[in-house]
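Below: one structure, written as structure tokens.
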Amino acid sequence: MKYLVMVQGSQADYDAMNGKASPQSPAWSEQDLRAMFAYMNSINDDLAESGEWVDGQGLVEPARTRFVTADSEGRPVVTDGPYGETKEVLAGYWVVDCASLERVTEIAARVAQCPQPAGAPEYPVVIRPIDEAGGSDLGGGAV
């Protein structure tokens, strides 16, 4: 079964990774960043070697996010953001093809152990099964 494994963050976390501390997160050093990227790359390499890797990406900072909705006449309405300092957003993800929920939980637990500076916020790693059948128990389908 395929699973989406997600990590979260906030704009303050991205700012911290760029050296700007805040009450929510200490500034990251170049060494902190190298350790984090090396750790995540080792997970990626192991997943590729085991054949469980499907895709994975880090996402750019929330300040570069764009929301698109439709007005009452169906025209697009575009809003830049989000700008909230504490709002958590998707920071990166993996799509993995695993034999079991237990296995993807092992992967998520490893992701959760990623090195970071003392005092940095800790977010849960979120696991969501991917509905490959094109529908759910609620009668919905893939978008």
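The values are calculated or read from the model by the stated rules, or taken from the named source; none is laboratory data. Please read these numbers as outputs of a predicted model, since none were measured by experiment. These accessible areas exclude ligands, DNA and RNA; they are computed on the full protein's heavy atoms, side chains included. Shrake-Rupley method; radii C 1.70, N 1.55, O 1.52, S 1.80 Å.
Can you pull the accessible area of Glu132 for me, 1.4 Å probe, Å² to the nearest 10?
110 Å²
Given a 1.4 angstrom probe, I'd like the percentage of the accessible area of the chain that is carbon and sulfur, rounded to a whole number.
Roughly 53 percent of what the probe reaches on the chain is carbon or sulfur.
Given q = 0.22 Å⁻¹, what are the Debye log10 I(q)/I(0) values for the chain, with equal point scatterers placed on the Cα positions and solvent ignored?
These q points yield log10 I(q)/I(0) values of -1.33.
Figure the gain on full extension for Ser22 and Ser72 (residue separation times 0.36 nm, minus the Cα-Cα span) and round it to one decimal in nm.
14.0 nm
Would you kindly give the portion of the calculated P(r) for the stretch 85-128 that falls above 16 Å, as a percent of all Cα pairs?
Looking at the stretch 85-128, the distances longer than 16 Å represent 45 percent of pairs.
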